[in-house]
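The values are calculated or read from the model by the stated rules, or taken from the named source; none is laboratory data. These figures come from a predicted structure and were not determined experimentally. Here the Cβ is made from the backbone with ideal geometry for all residues, glycine too, and neighbour counts use every protein chain on show. For accessibility, only protein heavy atoms count, side chains too; no ligands or nucleic acids. Shrake-Rupley method; radii C 1.70, N 1.55, O 1.52, S 1.80 Å.
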Amino acid sequence: MVQAYRAETENAGPGPERPGTRLRALRHKLTTDRGIWRRGILLALCSVLLTLVMMLHAKIPNTVGNTGSLIETFLPWFGVFVPVLLLLGLLRRSATALVALILPVTVWLNLFGGLLFAEKSGTGGDLTVATHNVNASNPDPTGTAQQVADSDADVVALQELPVGKVKAYEKALADRYPHHSVQGTVGLWSKYPLKGSRPVDIKMGWTRAMRATVTTPGGPVSVYVAHLPSVRVKLNAGFTASQRDRSADALGEAIADDPVDRVVLLGDLNGTMNDRSLHAVTAQMRSTQGAAGDGFGFSWPAAFPMARIDQIMVRGVEPLSSWTLPATDSDHLPIAARVQL
């Protein structure tokens, strides 16, 4: 009987592998296979470099092609390199590369984790505002205006209004917004009375910014509408943004000198909140998306949003929620926010 039992056991195979056996095998491999730590040193260095770029982005100079501002514009997307490095580390079977990934993951979560995982939107509010770069070549100004108005915003700002299409926007919004003002290529529509509408000089030679006081039931609010100069990425010049930067400084000075305590800025700033070159504006105002929005709120390009260059910023009021609106025939997405006065 004993011999029969032994023979049957020898021919039956190893049987199912226990989880404990797998863990012991992995521990044995980590402690005895020195190659698993020696491989992937270059990948580990890439993780360290990625970490330093994200940690020290404010220290990267703008002297050559505005490199610092370019990196800051697309800074959230640096997280895409993490799964790439993870996959390469697994293919290389490198423990060193995988452990090094802890650094960029930690820094990225510290920078942007709050935007993805924190529940910040509130309810209520006194004033809902919306802004949209409608695109000068928009083939359907009426439909675009009506889509933005469907947000039920109390105040709507539009940028990139060509002279020949202003009447179409005015007609489309007239029923919902009895008060409006167009200055150059930017305009403001409001359910509440406007006063003191005037252009704001942002050093461009023509009008792409304006200011008006909106007389809301909760008191006066100074509203700015701005469309800062476009930026370009060129092989021979890098991130060309000098004109945008000068206009941002001028806009920041105008807002700082505004006599009204409560200020709202609506517009296409052609830059993100991370971009140091917008410091003259961002240093004195809060982003509604950063304070009360869920996610990144990317607004451009509409087909595949990669950056939030359209902004709603406030001073002296409390952001309660912030969101993007459905796409129109523009290359930007409209955005909206609700605030407490």
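Annotations for the structure displayed:
- Nearest 10 degrees, 0 to 90: helix 41-55 Cα axis against the chain principal axis: 30
- Against the chain, whose longest principal axis comes from its Cα atoms, helix 81-92 is set at around 10 degrees.
- ³J(HN,Hα) computed for each position of region 57-66 - Karplus, 6.51 cos²θ - 1.76 cosθ + 1.60, integer Hz, glycine/proline x: 4, 5, 8, 6, x, 9, 5, 10, x, 6
- Cβ-defined net charge surrounding Asn274, 13 Å radius [Lys, Arg +1; Asp, Glu -1]: 0
- Cα→Cβ-extended label distance, 7 Å offset, between Leu42 and Val64, nm: 2.2
- Trypsin sites (Lys or Arg not before Pro) within region 33-99, DSSP loop, no more than 10 other Cβ atoms inside 10 Å: Arg34
- Comparing Cα centroids, region 139-178 and region 260-284 end up 24 angstrom apart.
- Accessible-area order (highest first, 1.4 angstrom probe) of the listed residues Glu253, Glu318, Glu119: Glu119, Glu253, Glu318
- Mean residue ellipticity at 222 nm, helices only, the chain: -10500 deg cm²/dmol; runs of at least 4 DSSP H residues each add -39,500 (n - 2.57), and the sum is divided by the number of residues.
- Among the protein heavy atoms of region 36-107, carbon and sulfur supply 81% of the accessible surface, probe 1.4 Å, non-protein parts ignored.
- Additional length obtainable on full extension of the chain from Lys120 to Leu91, 0.36 nm per residue less Cα span: 6.5 nm
- Bridging of Lys167 to aspartates and glutamates at a Cα separation below 15 Å is possible for Asp140, Asp175, once same-chain residues fewer than 8 apart are set aside.
- Tilt relative to the chain, helix 19-32 - C-alpha long axis, 0 to 90 degrees, to 10: 90
- Accessible surface area normalised per residue over the chain is 50 Å², counting heavy atoms of protein chains with a 1.4 Å rolling probe.
- Fraction of accessible area attributable to carbon and sulfur, region 189-296 (%, probe 1.4 Å): 51
- Structure-derived Rg and Dmax of the Cα atoms in Å: which label, when the choices are [x] 27.2, 106; [y] 20.0, 60; [z] 23.5, 77: [x]
- For region 268-279, putting each phi into the Karplus relation 6.51 cos²θ - 1.76 cosθ + 1.60 with θ = phi - 60° gives couplings of 9, 9, 6, x, 9, 5, 7, 6, 4, 5, 9, 4 Hz, in residue order, rounded to whole numbers and with x for Gly and Pro.
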